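Here is the structure we will look at, set down as structure tokens.
What follows is calculated from the coordinates using simple rules that are stated; it is not laboratory data. Quick caveat: nothing in here was measured; it's all calculated off a predicted structure. Cβ sites come from the backbone with ideal geometry, for glycine too, and all protein chains shown count toward neighbours.
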Amino acid sequence: MLSVPVSNNSRVSFSNKISGAYVEQPWFVLTSSKHYDLAISKDKIISQCYAFEADHSGGPTFAIPDGCIDILFDCDQINPEAKVCGSTLEARNAELKHQHRYFGVRYKLGVIPGFLGVSADELVNCEVNLLDIMPKLESAFAQIVSEGNFNNQVELFRRCYEGKTPRTPSPLTLETIKIICENKGALRIGQLEALTGYTCRTLQRQFQSDMGMSPKTFSRIVRCQFAVHEINCHDSIAFSDLASDLGFSDQPHFLREFKKCVSATPANYQRHVQQSAYMQRIRCA
């Protein structure tokens with residue numbers, strides 16, 4: 001199901017590209033103590049599984065906007081826990097515990113697991129305890145957090161959710177997501193109206209209901225992710241060209257927006273990526 005082997009020396013994204021979008025949490029990689037285990041998924045609703053040990057010696061681990069839902073297991077043997085994490089809207093401290101090992105599952109863009117009894121609105125910029133909303137998963141939770149092997153954790157989670165279906169967004173929301181991703185988030189609402197044939201009010205209402213955020217907010221997330229991906233995958237990049245490619249009116253606007261979303265300027269973030277050997281940290285299962 002999962003496990004697509006890729007050379008650690010390859011200059012490709014280790015995120016799962018969906019309709020032109022990227023879903024990465026780069027600070028999870030950059031602040032891992034050693035390596036970052038990753039299994040790209042071929043599943044219809046799962047983007048990837050990952051595992052790492054948090055290391056705060058260089059500073060906190062930030063979560064950045066990605067438009068996805070994660071289930072994150074803290075595999076501490078004394079006080080394990082699992083959280084369902086909705087997408088942030090700006091960079092924020094992920095509040096991971098130093099030297100704790102984490103196993104995570106990231107769902108694809110637009111996917112809300114059907115077994116979660118919470119609305120899209122309740123998940124955006126929020127975290128909820130997995131067992132509070134799904135107490136029947138206690139046995140699977142105990143097995144996952146006590147398992148030290150990444151591939152075995154992936155298999156345990158697969159058995160847990162196998163056969164469960166996600167909530168399906170409306171066809172309009174799915175089409176809107178596709179258009180936004182294909183255009184790297186560089187779209188105005190008027191362009192979305194023209195491309196979908198629906199009014200601004202209808203687009204806003206349906207997208208908010210399905211995704212818990214507006215199309216404008218989602219577009220902002222897609223632009224952030226694309227910018228991060230480009231910096232991760234290129235040793236040298238002109239930020240003025242990147243700003244133009246993503247539809248920003250000028251470079252200062254791009255710099256301000258990037259810092260809000262990533263908690264670093266593009267130049268500082270690039271230095272983190274290069275000094276930490278970002279790609280070499282990722283170990284594909």
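Which of the three applies to the stretch 131-274, rounded, prolate or oblate, going by the alpha-carbon gyration tensor with a ≥ b ≥ c and a/c under 1.5 meaning rounded?
On the way: a/c = 2.78, a/b = 1.30, b/c = 2.15.
Since a/c reaches 1.5 but b/c is at least a/b, the shape of the stretch 131-274 is classed as oblate.
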**OP:** Measure off 7 Å from each Cα along the Cα-to-Cβ vector at ASP43 and ARG188, then give the distance between these two points in nanometres to one decimal.
**Re:** 4.1 nm
Original post:
Can you work out the base-10 log of I(q)/I(0) for the stretch 26-166 at q = 0.13, 0.17 1/Å, using the Debye formula on its C-alpha atoms alone?
Top reply: -0.52, -0.94
Original post:
If you put +1 on each Lys and Arg Cβ and -1 on each Asp and Glu Cβ, how big is the dipole of the chain around its Cα centre, in Debye rounded to 20?
Top reply: 440 debye
**OP:** May I ask for the percentage of alpha-carbon pairs in the chain that lie more than 26 Å from each other?
**Re:** 42 percent
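Of LYS34/LYS178; LYS42/LYS83; LYS42/LYS259; LYS34/LYS260; LYS42/LYS178; LYS34/LYS97, which ones are farther than 25 Å apart at the Cα? Intermediate values should be presented prior to the final figure.
Details: LYS34/LYS178 36 Å; LYS42/LYS83 23 Å; LYS42/LYS259 32 Å; LYS34/LYS260 27 Å; LYS42/LYS178 19 Å; LYS34/LYS97 15 Å.
LYS34/LYS178; LYS42/LYS259; LYS34/LYS260, as the Cα separations exceed 25 Å there.
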**OP:** Show the residues, 5+ positions off or on another chain, whose built amide H is closer than 5 Å to the amide H of ARG283.
**Re:** TYR36, ASP37, LEU38
**OP:** Please list the non-local residues whose amide H lies under 5 Å from the amide H of ILE46, H modeled 1.01 Å from N, same-chain partners needing a gap of 5 or more.
**Re:** LYS108
Original post:
Taking the simple approach of a point 7 Å from Cα along Cα-to-Cβ for both THR165 and GLN251, what is their distance in nm?
Top reply: 5.2 nm
